[in-house]
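The values are calculated or read from the model by the stated rules, or taken from the named source; none is laboratory data. All values reported here derive from a predicted model rather than from experimental measurement. As a convention, Cβ positions derive from the backbone with ideal geometry for all residues, glycine included, and neighbour counts pool all protein chains shown.
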Amino acid sequence: MKPYLAIALKSIRANLSRSIVTIFLTTFSTVVLIFASTLMDGEHKTMLKNAVEVYPGYIQITNREFRNHPSYDNLIFDEKSTIDKLKLHSDIAVITSRFETSALFSSDTKTIGAMITGVEPKSESQVSKLKTALVEGSYLDANDTNALYIGKELAKRLKVRLGDKLSFISSGADYSFCADNVIVKGIFETGLYEFDANSAFLNKSYFDEVFTSENFATHIIVLPKDTSNSLSISQNIQKELDKSLVSESWEEFMDSLVKAMELDSIFGYFTLGIFFIVIFFVILIYTLLVVFSRVKEIGVLRAIGTTSKEVLTMLVFESAILSFISVVIGGAIGAYLAYYFHINPIELGAEYQEQFKQYGIMSTALPTDFNLVTIARDMIIMFILGVLSTLYPILKINSLTPSEAMRHV
């Protein structure tokens, strides 16, 4: 083994310029692969994070029947007791409750049906982006009574502005008739058109008075301390809940979005695969030229008694050394770029903000996903490709007889 290694190292030093070009090609490909894959993974995680944090939350607790049959018969009927149980979990950071229902809103010129929700302003601002989505006026606070926080598109549909008065009619939690006049305190825009066009919020303590929903909720939202562990935390929560309630992590109640991101990742990696097939053939062609330039040298080695197996081993060692050096350098550079842009996301500028909001993305920053497993995987892929790219030309030359190789031009 050592003689082959020594011969390979000697050959690399003897053909230094050729070796440097080979290292450069593989290093460049490694850096591009690592950066592209970490950027794509970072983009997907950012989109999922935004989708979860805009409003749905990481963990939702509802009545077991509520998702399929959202009615007042399927509420969380003992909100305070449920929250007290949740407070015993050390891995929960924030708990907040919501009561969602529909109402008929009426302005001076329009009457439109939309969702009205009672929220706890302080804790809600910690589990969703409602507060940061503010575009006019101010967010709700715990002392608000008939102050309404309304989606920008719904405000447009109702033709109301900040400070305008609205009336709404709905049904209370006891199925009684309820109505009130409210004043637009704030207008928000998340960029999710349907949500912005059909959502309005009240302080939950006031909402409970109007809708007779004291100690009732449609949803309890939980923010885990470790959001990456939402599924297992949700499963642990389920063990402590009443049988009529169900705890679901965002991976479960947003499974269609998760599947869409997985599908997009497949297409993304497919695109990267095509790109790197091209890169592979570029390296292969260069390697082919390099190896065929050494046909006479290999012919001499064969003529003095070196077997084709020994030649193959020597050249594969040489290729493996060059590929190893390349992926180590490329991996280090790629990992640095992935870490740097993970800490300092790529800012696309305010001009892209409106386009991003169309997809529910509140930020124009694109971070990479600094993941050592992904980086190691990409380094291994490039190492294998680097070695494989030399096999065909080596085997081709090894098929020549010593005399054919020595006469090769």
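Scanning the range 48-73 for residues that are farther than 17 Å from Asp226 by Cα and in contact with a Gly (Cβ under 7 Å, 6 or more places away or on another chain) turns up Ala51, Val54. Collect the residues in the range 231-276 that are small (Gly, Ala, Ser), part of a helix (DSSP H, G or I) and over 30 Å from Phe35 (Cβ atoms), keeping them in residue-number order. Of everything in the range 231-276, those that are small (Gly, Ala, Ser), part of a helix (DSSP H, G or I) and over 30 Å from Phe35 (Cβ atoms) turn out to be Ser232, Ser234. Does Asp242 satisfy the condition of being at pLDDT below 85 and not β-branched (Val, Ile, Thr)? No: the conditions fail for Asp242. Of all residues in the range 130-166, exactly one satisfies the criterion of being surrounded by 15 or more Cβ atoms within 10 Å (Cβ to Cβ) and polar (S, T, N, Q), namely Asn146.
Taking the conditions (1) within 34 Å of the chain's Cα centre (by Cα); (2) farther than 30 Å from Asp242 by Cβ; (3) modelled with pLDDT under 90 in turn, Glu53 satisfies each one other than (2). If a residue must be assigned to a loop (DSSP other than H, G, I, E, B) and either hydrophobic (A, V, I, L, M, F, W, C) or farther than 25 Å from Leu75 by Cα (or both), how many such residues does the range 109-128 contain? Qualifying residue count, the range 109-128: 2.
Selection of the range 185-224 for residues being crowded, with 19+ Cβ neighbours inside 10 Å and among the polar types (S, T, N, Q) yields Thr190, Ser199, Asn203, Ser213, Thr218. Summed over the range 86-122, residues that are surrounded by fewer than 17 Cβ atoms within 10 Å (Cβ to Cβ) and either under 26 Å from Thr227 (Cα atoms) or of a type in the set (S, T, N, Q) (or both) total 12. Looking at Lys80, Lys131, just one residue is in contact with a Ser or Thr (Cβ under 7 Å, 6 or more places away or on another chain) and not in a strand (DSSP E or B), and that residue is Lys131.
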